1. Scan the stretch 206-231 for residues that are crowded, with 19+ Cβ neighbours inside 10 Å, of a type in the set (S, T, N, Q) and over 17 Å from ILE162 (Cβ atoms) and jot them down.
2. Do you know which residues across the stretch 152-179 are in a helix (DSSP H, G or I) and modelled with pLDDT of 95 or more?
3. Filter the stretch 145-176 down to the residues that are surrounded by fewer than 19 Cβ atoms within 10 Å (Cβ to Cβ) and either touching a Leu at 6+ places or on another chain (Cβ under 8 Å) or in contact (Cβ under 8 Å) with a residue 60 or more places away in the chain (or both) and list them by number.
4. Output the number of residues of the stretch 163-188 satisfying the condition of being touching a helix residue (DSSP H, G or I) at 6+ places or on another chain (Cβ under 7 Å) and closer than 24 Å to GLU240 by Cα.
5. Just the residues that are surrounded by 15 or more Cβ atoms within 10 Å (Cβ to Cβ), assigned to a loop (DSSP other than H, G, I, E, B) and without any contact (Cβ under 8 Å) to a residue 60 or more places away in the chain, please, taken from the stretch 189-205.
6. Taking the stretch 5-26 on its own, how many of its residues are touching a residue at least 24 places away in the same chain (Cβ under 8 Å) and within 22 Å of LEU63 (Cβ to Cβ)?
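The values are calculated or read from the model by the stated rules, or taken from the named source; none is laboratory data. Because the structure is a prediction, the values reported are computed rather than measured. Please note: Cβ atoms are built from the backbone with ideal geometry, for glycine as well, and neighbour counts cover all protein chains shown.
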Amino acid sequence: YGFVAGFTGDAIEKGIRNDRIITDFIKLKHGISRINVKIKAGDETEINCQGPHISDQELERLLQKIDRIANGDTLVIAGSVPNTMPDNIYETMLERIKHKDVRIVVDATKKLLVNSLKYKPFLIKPNRQELSEIFDVDVKTEEDTERYAKELQKLGARNVLISLGGEGAMLIDENGCKHKAGVLKEKVINTVGSGDSMVAGFVAGYIKTGDYAYALKLGSVCGNATAFLSGLATREKIDELLEKFDKM
């Protein structure tokens with residue numbers, strides 16, 4: 001689900017469908033889906049443009065689609081909120097499905113993340129910097145990271161997946177167990193989308209096996225696979241890295 005507009009929206013939808021993913025976007029009448037520029041020249045620079053205006057009627061169409069989510073489904077809410085939408089839109093969506101047995105995944109920052117915790121999301125994915133900002137502390141060590149991840153669980157999160165950058169990732173699962181995953185050693189080409197790939201891999205791994213250790217492994221491998229390629233992770237790269245991961 002989501003919004004697309006103009007020629008860029010058409011390109012987004014075509015690209016997704018080419019990967020055999022079913023889409024159900026709302027096509028806006030005006031504007032274009034925003035163009036984000038990533039400059040790779042030693043350092044990575046991001047220029048993120050403003051998206052199109054989303055009317056109240058178009059927003060209501062999205063909420064009606066959210067209403068169709070059924071028991072057993074997984075809903076991933078990710079990213080920032082367009083400036084033409086209310087800043088409590090995450091809460092509005094989650095309120096509409098709170099009576100259903102839906103796995104809620106929230107990949108957002110600061111207020112968006114904190115305000116979603118009362119809906120007991122299945123998974124959230126902050127990094128150390130975001131933990132520091134949420135709790136107004138300096139989170140540096142593994143012990144600090146685990147401590148504040150558990151604080152987020154007290155606020156409602158079931159599972160907390162923390163990206164540790166070059167140190168890998170840590171998961172504090174809903175049973176109180178800590179899992180860790182390292183980083184494979186290859187040349188990093190592109191970090192854009194690696195966090196999204198980690199979330200996708202984790203969710204796919206859990207749905208497939210119901211095992212948190214495997215979900216973390218697959219999530220970490222998917223994130224690594226994107227970082228080691230110029231675009232998004234491919235199935236071939238994921239399979240290759242899974243073999244290497246098992247030998248670590």
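1. Of everything in the stretch 206-231, just one residue is crowded, with 19+ Cβ neighbours inside 10 Å, of a type in the set (S, T, N, Q) and over 17 Å from ILE162 (Cβ atoms), namely THR226.
2. Across the stretch 152-179, the qualifying residues are LEU152, GLN153, LYS154.
3. Those that are surrounded by fewer than 19 Cβ atoms within 10 Å (Cβ to Cβ) and either touching a Leu at 6+ places or on another chain (Cβ under 8 Å) or in contact (Cβ under 8 Å) with a residue 60 or more places away in the chain (or both): LEU155, GLY156, ARG158.
4. Going through the stretch 163-188 one residue at a time, the tally reaches 11.
5. Within the stretch 189-205, just GLY193 meets the criteria.
6. 5
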